[in-house]
Amino acid sequence: MRRLDRKIESMEDILGVLGHCQVCRLALASPEGMPYVVPLNFGYAYKAGQLHFYMHCAKEGQKLDMIRANPFVCFEADNAGALISGPRACNYSQKYESVIAFGKAEILNDPDAKEKGLEYIMQHQSGKDKWQFDSVALSRVEVICVQVDSVTGKRHL
C-alpha cells in the first residue's frame, strides 16, 4: 500500500468498514486469463482469527464456471463518501473506506454449510438474526465461501 497514512491497521476497524458495506465486487479470472468482476450482496464471519465472505448465486453461470476453473479470487467492498473539492483539479479527492481481500473461493455443497452461509448473508444485509431456509430454497441456490488469506483496509475521511 503506497499511502500508509490511510491504512486501516486493526481487524476490528476492517470489520467496522465491512459492517457498513452492502455490496462487494468479486474479481475472478476466466480460463482464458481475462479478468471478470461482479457486484454481489454478501455476508461475512470472523471467528478464531479467520475471515470468511459468503455470497449466493444461481445454480449455474459464468461466475461458478470461473471458480471451478480457478478458485483464487479478490474481494473488494467500499463506502464512498463526499467529494473533497479544492482550488485546482489536483486538489480534488474523495472520502472513502475500503477493504480488499485475497483468498480461495469454495462452492459449498453441504446443506448445513450452505444454510449457515445464507444466514451470514441475511444477517449482514438485514441486521436480523435467526433465519431458516427450507430445502427447496436451499436447492435453488449455490453459496460461495471465500476463505481470506490476506486483507487490507484503507480510508480517507
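The values are calculated or read from the model by the stated rules, or taken from the named source; none is laboratory data. Predicted, not measured: the structure shown is a model, and the values here were computed from it. Cβ: placed from backbone, ideal geometry, glycine included. Neighbour counts: every protein chain shown. When the accessible area is computed, the model is the full protein with side chains, heavy atoms only, and any ligands, DNA or RNA have been set aside. Shrake-Rupley method; radii C 1.70, N 1.55, O 1.52, S 1.80 Å.
A simple rule links phi to the HN-Hα coupling: the Karplus curve 6.51 cos²θ - 1.76 cosθ + 1.60 with θ = phi - 60°, which for region 48-57 gives 6, x, 10, 9, 10, 10, 10, 9, 10, 7 Hz, with x for Gly and Pro. A 1.4 Å probe, protein heavy atoms only, puts the accessible area of Arg3 near 70 Å².
The angle between the Cα long axis of helix 111-126 and the longest principal axis of the Cα atoms of the chain comes to about 40 degrees, rounded to the nearest 10. Annotation: Val37 carries an accessible surface of approximately 90 Å², with a 1.4 Å probe and no ligand, DNA or RNA atoms counted. Taken about its Cα centre, the chain carries a charge dipole of roughly 580 debye when the Cβ of each Lys and Arg holds +1 and the Cβ of each Asp and Glu holds -1. Around the amide H of Ser30, modelled in the peptide plane, lie the amide H atoms of Tyr36, all under 5 Å away and 5 or more residues distant in sequence or on another chain. Working from label points 7 Å from Cα in the Cα-to-Cβ sense, the Glu60 to Lys130 distance is 3.9 nm.
When shorter helices are ignored and each DSSP H run of at least 4 residues is given -39500 (n - 2.57), the per-residue value for the chain at 222 nm works out to -7000 deg cm²/dmol.
Both radii were evaluated on the Cα set of region 27-157; the Rg over Rh quotient, with Rh as the Kirkwood radius, amounts to 1.05.
Of the whole protein surface, His20 contributes about 130 Å² of accessible area at a 1.4 Å probe radius.
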